[in-house]
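A quick write-up on the structure given underneath.
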Amino acid sequence: MQEKHIYEYAVIRFVPRVEREEFLNIGVILFCKKKRFLEAAFTLDEKRLHSFSRSFDLQEIENNLRAMEKICLGGREAGPIGILDIADRFRWLTATRSTIIQCSKVHPGFCVEPGKTLLKLHKQLVLEY
């Protein structure tokens, strides 16, 4: 039997008008300490985003999500946050903020393969609507 590992994840949300607190799920970020895994998966469906809100810059949203991906990978090219250890990077990415891109509360689970779990969560929480 394969060993299961605890993981934590948060849903990445598009919040076009922060004061209204309405959001659309656009991605998932998953951290598994034991496997040293930190990755994000996201989908930017322009038609779906525009049906939710007309006042946003798609390129700005994509740039923010690409920055999150770089921070997940770590390293100097990801800036000062990228040189933090993996757990600190996850905590920084999922911290509460009042911006157009936000994360849900962090949720735990158990998995065998974090990469497959990330894709499964992305499908369930972002793509199936």
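Here is the list for region 64-129: GluC sites (Glu not before Pro) lying in DSSP coil, each with at most 10 other C-beta atoms within 10 angstrom of its C-beta, are GLU128. Short-range pairs are left out: with C-alpha atoms under 8 Å and at least six residues apart, the relative contact order of the chain is 36 percent.
Region 44-93 has equivalent-ellipsoid semi-axes of 28, 10, 8 Å, by the square roots of 5 times the alpha carbon gyration tensor eigenvalues, sorted largest first.
Every helix of 4 or more DSSP H residues in the chain counts as -39500 (n - 2.57), and over all residues that averages to -9500 deg cm²/dmol at 222 nm. The phi torsions of region 65-73, fed into the Karplus equation with coefficients 6.51, -1.76 and 1.60 and a -60° offset, translate into couplings of 5, 5, 5, 4, 4, 4, 5, 4, 5 Hz, rounded to whole numbers, with Gly and Pro shown as x. Here the ratio of the Cα radius of gyration of the chain to 2.2 N^0.38 Å is 1.06.
For region 20-77, the fraction of C-alpha pairs farther apart than 20 angstrom is 37 percent. Restricting attention to region 5-127, the count of lysine pairs at 8 or more positions apart or across chains with alpha carbons under 20 Å apart stands at 13. Treating each Cα of region 60-126 as one equal point scatterer and applying the Debye formula with no solvent, the log10 of I(q)/I(0) at q = 0.14, 0.16, 0.19, 0.26 Å⁻¹ comes out as -0.49, -0.65, -0.92, -1.35. In this structure, LEU44 and LEU119 have a Cβ-Cβ separation that, at R0 = 22 Å, corresponds to a calculated FRET efficiency of about 0.85. Listing PHE31, PHE37, PHE14 from fewest to most neighbouring C-beta atoms within 10 Å gives PHE37, PHE14, PHE31. Taken one residue at a time, the phi angles of region 56-61 give Karplus couplings (6.51, -1.76, 1.60, θ = phi - 60°) of 7, 10, 4, 5, 5, 5 Hz. Gly and Pro are set to x. Residue-wise HN-Hα couplings along region 112-129, as the Karplus relation 6.51 cos²θ - 1.76 cosθ + 1.60 with θ = phi - 60° gives them from phi, are 9, 10, x, x, 5, 5, 4, 5, 5, 5, 4, 4, 5, 9, 10, 7, 8, 9 Hz; Gly and Pro carry x.
Taken together, the values in this text are just the output of simple stated rules run on the coordinates, not laboratory data. Note that the coordinates shown come from a computational prediction; the quantities given were computed from them, not determined experimentally. Backbone-built Cβ (ideal geometry, glycine too); neighbour counts: all protein chains shown.
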